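> Okay, handing you the structure first.
The values are calculated or read from the model by the stated rules, or taken from the named source; none is laboratory data. No experiment lies behind these values; they were computed from the predicted model shown. Methodologically, a virtual Cβ is constructed for each residue, glycine included, from the backbone with ideal geometry; neighbour enumeration extends over all protein chains shown. Protein only, heavy atoms only, side chains kept; ligands, DNA and RNA dropped before computing areas. Shrake-Rupley method; radii C 1.70, N 1.55, O 1.52, S 1.80 Å.
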Amino acid sequence: MRMYRKKFRGYLLIVCAVLAALFFSGCGGKGGTGGGALASPKEYVYKAEEVKIEGIGEQANYNDFFIKNGRIYLSSMEWMEEGCRVTFANMNPDGTDAQSFFIDLKENSYVSWMNPDGQGNFYVVYDEFIQEREAEEESWRDDYYLLKLDSAGREVWKQPLNGDSQDYWVNWVRLLEDGRIVVADQNGFSFFDENGKAAGSIQPAEEINGGVHFLQDGTIIMNSYNEKTGKSVLRKLDLNTGEFSGEYTLPGNSGSYSFYPGVESDFLLVGNGGVYSYNLGDEGTKKIMDFIDSDMNAGYIYNLCAVSEKEFYGMMNDELTGQDVLMKFTKVDPKDVADKTVLTLACNDLNWEVRKHVVEFNKADPEYRIQITDYSQYNTEEDYSAGITRLNTDIVSGKMPDILLLDAYLPLESYMAKGLFEDLYPYMDKDGELKREDYFPNVLKAYENNGKLYRLVPKFTIYTVAGKTADVGSRTGWTLQDLREVMASKPEGMEVFSEMTRESMLHYSIQMTGSQFIDWESGKCGFDSEEFISLLEFVKEFPEMLPEDYYNNALRGDLNSWFREGKVLLERMSLYGFSAYNYSKKGTFGEDITMIGFPSGDGKGSSIGAQLELAMSSKSKNKDGAWKFLRYFLSDEFQGQTDYEWPISMKHVDALAEKAKKRPSYEDENGNLVEYDEVYYVNGAEVPISPMTQEEVEEVIAFVQSVDQLNSANQDLLKIISEEAAPYFAGQKNAKEVADIIQNRVQIYVNENR
């Protein structure tokens, strides 16, 4: 099964890349404050019902899916102890009268590109990876076949596809309306009749460099790329001649959509949080279904097959079980959707935890409903920042949502200075269950602005720098001069940080210490200081590019041994939990470490950062409803399930500490708890990572509580510094000159945004 798994996982990576681009959007409605609202969410509500299928295992993954002659045809794959089982089934749309058969594939073989003929027969591509031995030589051969299977799974015929060629792959297969089967490979299009006999081949008139789509009427549409315009386009393909015709510009950011044939339109597109209809030649898409408005616990549908725009079928991944399910989606009459006060939530790329809570909140709350506008839907292939630009424009023009999911590309300091965010402290203080003293005071303090808490940060990471205590001592901070003195005592060739170029080092240093050069409350900047000039000089010492042999230089040895063997002094540490410290101490370095932080003028080189930040609009007409939604992220329910970041609730950190002092474990098939050791690999050898001691736990907690400055994630600031530092790095200006220019530009930026 090695080759099958390799190819199948490659296919999954492609699917996941497409799915990762499927973001979530929505429009405002009753009770909201704007945010570009155009229509009522009631218009986009569909009822989702699972279609139960007999004969398919619970662990099966669905592959191909069709509706023909009023019946559903599908295939699924399920891993077995050896090889895998592929099931073929057809049934009525409600799952009744299911007829199925399965075939067990041997190791290193698989089937793909299932096509049904509507009469119970299936056409598939079978690929067998065969190991051959001759004397002491070992080789592999990859054989492709086109198979016809009858309704009982019997092989009707088997047609070789690649002959002796091993440079072969199949792009797609389609059963045409005239009964022919077309196989598209890297050489062109090959045709076979219903008896498996070769029926000719053609070469396309142009190179095909995109996907294929089949409309309901059999029209073939190819994704293509117009090199002159730099845009993705759709073009019609005549299979009989190989000629292309027409050119239709894809709407918006075409990469965010998956294309499926429509019934009342050319296409149904899945993406941007819902399903859209699209006709060739249209300038844009028309939303017909919204996942959030439909209270769906999944963010996408794949293998969509439409009966009409009001009824379609598709596969969905159940977030609770992780299993694929076949679903029927039916439009709900807007008059049958309950009236609620709508709260608008705007974002640029929706966080999955927020989306999950939106669905749960909308289902459970009798009074309020969250309506999402994800501005990433406005990104285009030419401008991937179009969404954030539009979001900022809407906010500045007064279209502030009730709730805003914050982003490093937004001018947050400007929003706070203009009074656009609501202070959340009063809501925490009057909440009967949430108490301010239950949360890390240093984190709350760091996110304050003039004593007010405008940003809700449910979890966080501490960014710091770690080194061997034997090298850097036990101090809690240091300067660049301190670092230089340590490096002067080390062997020549030792790196300060690993895998860092000049550009990456500049960005990292600003993220770690940038907040020390700006006081947003007073508006003063210090980029013309000696500390910043020294920082520029330090960054210039890093290479513009890493050497080609950086990772495979025999003198450097195993990457996992660099810190242990003294080839690198410092590790950039993201302290997201106890395990990060434990792994670094007992694995990366193999001895006591000090979280000393990045060298800085004030000796504070560690910072707080968060992946999830939310704010409430000070202009919202429904602040109590907005808080009702936001408070969940401070509740025990959310804090207790926080992973890979520190929960802001201190009592939940205590629970994590107890866990860190125990060996990790899992429950086996018999319900028994099995303990095991985490391991670190050095030169191929396993190094066990022992559980933490009480002393280590206390050390980490004390360190987390000591950090009081924010990680500087302001992208505008990074851009200014990068642009103006470039002439110094190129030898065109000195450090003092560029520092003065940076000071001037940043000061103007701060003045305009506070």
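> Which number comes out as Rg/Rh for the stretch 343-497 once both Rg and the Kirkwood Rh are worked out on C-alpha atoms? Don't jump to the answer; show the numbers that get you there.
On the way: Rg = 21.7 Å, Rh = 19.6 Å.
My calculation of the ratio gives 1.11.
> Turning to a different aspect of this structure: Quick one: angle between helix 2-20 and the longest Cα principal axis of the chain, in degrees between 0 and 90, rounded to 10, please.
Long axis of 2-20 versus the principal axis of the chain: about 70 degrees.
> What is the local net charge at Tyr551, summed over the other residues whose Cβ is closer than 11 Å to its Cβ (Lys, Arg +1; Asp, Glu -1)? Intermediate values should be presented prior to the final figure.
Details: positive: Arg556; negative: Glu499, Glu548, Asp549, Asp558.
So the surrounding residues net to -3.
> Take the alpha carbon gyration tensor of the stretch 506-603, find the square roots of its eigenvalues, order them as a ≥ b ≥ c, and report rounded if a/c is under 1.5; if not, report prolate when a/b exceeds b/c, else oblate.
On the way: a/c = 2.92, a/b = 1.55, b/c = 1.89.
Since a/c reaches 1.5 but b/c is at least a/b, the shape of the stretch 506-603 is classed as oblate.
> What is the spin-label model distance, in nm, from Ala152 to Phe101 if the labels are put 7 Å beyond Cα along the C-beta direction?
About 0.7 nm, to one decimal.
> When the convex hull of the C-alpha atoms of the stretch 173-220 is computed, what volume per residue in Å³ does it have?
With only Cα atoms used, the stretch 173-220 gives 81 Å³ per residue.
> So how do Trp169, Trp562, Trp140 rank on accessible area, 1.4 Å probe, biggest first, that is with the largest at the start?
In descending accessible area the options line up as Trp169, Trp140, Trp562.
> At a temperature of 20 °C and a viscosity of 1.002 mPa s, determine how fast the stretch 75-138 diffuses translationally according to Stokes-Einstein, using the Kirkwood radius over alpha-carbon pairs as Rh; express D in µm²/s, rounded to the nearest whole number.
Numbers: Rh = 13.8 Å.
Using the Kirkwood radius from Cα pairs, D works out to 155 µm²/s.
> Trypsin sites (Lys or Arg not before Pro) within the stretch 542-644: which are DSSP loop residues with at most 13 other Cβ atoms inside 10 Å?
Lys621
> On a 1.4 Å probe surface of the protein chains, which of Tyr583, Tyr300 comes out largest in accessible area, and what is the full order? List each step's numbers first, then the result.
Working: Tyr583 100, Tyr300 50 Å².
Order by accessible area, largest first: Tyr583, Tyr300.
> Right, next: Once you treat every alpha carbon in the stretch 94-243 as an equal point and sum by Debye, what is log10 I(q)/I(0) at q = 0.09, 0.13 Å⁻¹?
Scattering profile of the stretch 94-243, log10 relative to I(0): -0.36, -0.71.
> Once the other residues with Cβ under 15 Å from the Cβ of Tyr666 are scored (Lys, Arg +1; Asp, Glu -1), what is the net sum?
Around Tyr666, the surrounding residues sum to -3.
> Considering only C-alpha atoms, what is the centroid distance from the stretch 111-139 to the stretch 475-544, in Å?
57
> Sticking with this structure for a sec: Express the C-alpha Rg of the stretch 529-673 as a ratio against the empirical globular expectation 2.2 N^0.38 Å, rounded to two decimals.
1.50
> Determine the equivalent ellipsoid of the stretch 266-329 by diagonalising the alpha-carbon gyration tensor, then write out the semi-axes as square roots of 5 times the eigenvalues, largest first, rounded to whole Å.
On the way: eigenvalues 98, 30, 18 Å².
Rounded to whole Å, the semi-axes are 22, 12, 9.
> Determine the calculated [θ] at 222 nm for the chain from helices alone, applying -39500 (n - 2.57) to every DSSP H run no shorter than 4 residues and normalising by the residue count; nearest 500 deg cm²/dmol.
-6500 deg cm²/dmol
> Evaluate E = 1/(1 + (r/R0)^6) for Asp217 and Gln611, where r is the Cβ-Cβ distance and R0 equals 41 Å; express this FRET efficiency to the nearest 0.05.
After rounding to 0.05, the efficiency reads 0.30.
> Now for a separate question. For helix 352-364, what angle does its Cα long axis make with the longest principal axis of the chain, in degrees from 0 to 90 and rounded to 10?
70
> Quick one: P(r) of the stretch 611-754 from all Cα-Cα pairs, 10 Å bins, percents rounded to integers, in order of increasing distance.
Answer for the stretch 611-754: a P(r) of 8, 19, 22, 21, 20, 8, 2 percent.
> Name the shape class, rounded, prolate or oblate, that the alpha-carbon gyration tensor gives for the stretch 236-383, where a ≥ b ≥ c are the square roots of its eigenvalues, rounded holds for a/c under 1.5, and otherwise prolate holds if a/b is larger than b/c and oblate otherwise.
Note, shape of the stretch 236-383 comes out prolate.
> Please give the per residue accessible area of the chain, computed with a probe of 1.4 Å over protein heavy atoms only, in Å².
Solvent-accessible surface per residue comes out at 47 Å².
> Next up: So how far apart, in nm, are the two label points at Met80 and Asn279 if each is 7 Å from Cα heading toward Cβ?
Rounded to a tenth, the inter-label distance reads 5.0 nm.
> Assuming 0.36 nm per residue, please report the length gained on full extension of the stretch Lys286 to Ser232 beyond their Cα-Cα distance.
Full extension from Lys286 to Ser232 adds 17.5 nm.
> Please give the contour-minus-distance gain from Glu207 to Glu541: 0.36 nm per residue of separation, less the Cα-Cα distance, rounded to one decimal in nm.
Here the answer is 115.6 nm.
> For q = 0.05, 0.10 Å⁻¹, what log10 I(q)/I(0) does the chain give under the Debye formula with an equal point scatterer on each alpha carbon and no solvent?
For the chain, the Cα-only Debye profile gives -0.33, -1.26.
> Would you work out which of Pro441, Asn392, Tyr415 lies farthest towards the positive end of the dipole of the stretch 376-459? Charges go on Cβ: Lys and Arg +1, Asp and Glu -1.
Pro441
> With contacts defined as alpha carbon pairs under 8 Å and 6 or more residues apart, what's the relative contact order of the chain in percent?
12
> For the pair Lys651 and Tyr384, how long in nm is the line joining their label points, each one 7 Å along Cα→Cβ?
Here the answer is 4.3 nm between the modelled labels.
> Take the Cα pairs of the stretch 561-639, get the Kirkwood Rh, then feed it into Stokes-Einstein at 4 °C and 1.567 mPa s and tell me D in µm²/s.
In µm²/s, the coefficient rounds to 79.
> Contact order normalised by length for the stretch 421-579, with contacts defined as Cα pairs under 8 Å and 6 or more residues apart; what percent is it?
On the way: 124 pairs, mean separation 52.8, N = 159.
33 percent.
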